[in-house]
Amino acid sequence: MNPWLLILIVISILFLLLMFIPIRYKLGFAYHDNLNSYISIRKGIFFRLDIERIAGQSLVKLRIFNIPLSLSGGRQKTKNKKTKSGSAPTLALPHNLICNKAYQPLGKFISRLWHDFKPELLHIKGQYGFCEPHHTSWANMLLLLVSSESSHYKVQLEPVWDDEKLDIEGFLKGSITLAGIAWHLIRLVFSPPFWRFLRELSRDRKRKRIKISTAMQN
């Protein structure tokens with residue numbers, strides 16, 4: 001047999017294994033004024049990645065074919081970024097994602113991923129609240145839908161209506177495949193709403209540049 005053909009066959013088999021063997025993941029998190037979390041990702045015997053973040057320090061462990069690899073730095077302490085006066089609060093991002101219709105393609109992409117690769121086990125508890133009570137109400141409805149999907153899902157989050165608050169902890173685990181993610185990414189990239197979103201984003205940047213240049217000239 002031609003050695004190049006043999007190499008091509010081996011590479012093709014490895015590619016198919018990487019694309020279709022499930023990636024097992026486990027995620028735990030706790031947010032009480034600060035975010036503590038850990039992530040564990042493994043794909044058969046190919047690799048395993050563990051990331052832990054506690055009290056602003058990160059620890060990363062990597063194994064390839066069950067061989068531990070040393071990562072330089074070990075525990076790394078991340079600097080706390082000071083929030084500039086007048087900047088948007090931490091919980092402004094969910095508000096913008098809900099209100100800005102340009103992010104609908106991304107929302108559909110996330111919903112498809114959730115439908116195909118939703119966690120096998122999910123436990124969340126705590127309290128949450130947004131500045132606007134109707135945003136808290138919408139989040140409450142979505143959480144009720146998630147908690148009713150499976151007997152393995154336990155979502156015990158109490159809404160806070162008169163204050164902005166985020167005090168939660170939980171964990172989830174499940175599996176995904178690279179082939180499934182690639183398929184949903186292709187659907188996202190070739191969808192008309194995604195291109196409309198890119199055009200709107202480009203126009204916004206042009207308007208901001210024009211506004212800044214005009215202000216500088218004045």
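Loop-only chymotrypsin sites (Phe, Trp or Tyr not before Pro) in the range 134-218, please: DSSP not H, G, I, E or B, and at most 15 other Cβ atoms within 10 Å.
Details: sites: W138, Y153, W161, F171, W183, F190, F194, W195, F197; in loops: W161, F190.
Answer by residue number: W161, F190.
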On alpha-carbon atoms, Rg over Rh for the range 23-78 using Kirkwood Rh?
1.03
Loop-only GluC sites (Glu not before Pro) in the range 148-186, please: DSSP not H, G, I, E or B, and at most 14 other Cβ atoms within 10 Å.
E149
If the limit is 31 Å between Cα atoms, which of K26/K165; K26/K208; K108/K211 go over it?
K26/K208; K108/K211
Linear extension gain, E132 paired with K165, 0.36 nm per residue minus alpha-carbon span:
10.7 nm
As a Kirkwood estimate from alpha-carbon pairs, the range 101-218 has a hydrodynamic radius in angstrom of 17.5 Å
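Every number here is computed from the coordinates shown, using simple stated rules; none is lab data. Nothing here was measured: the structure is a model prediction, and the numbers come from that model. Every residue, glycine among them, receives a Cβ derived from its backbone with ideal geometry; neighbour counts consider all protein chains shown.
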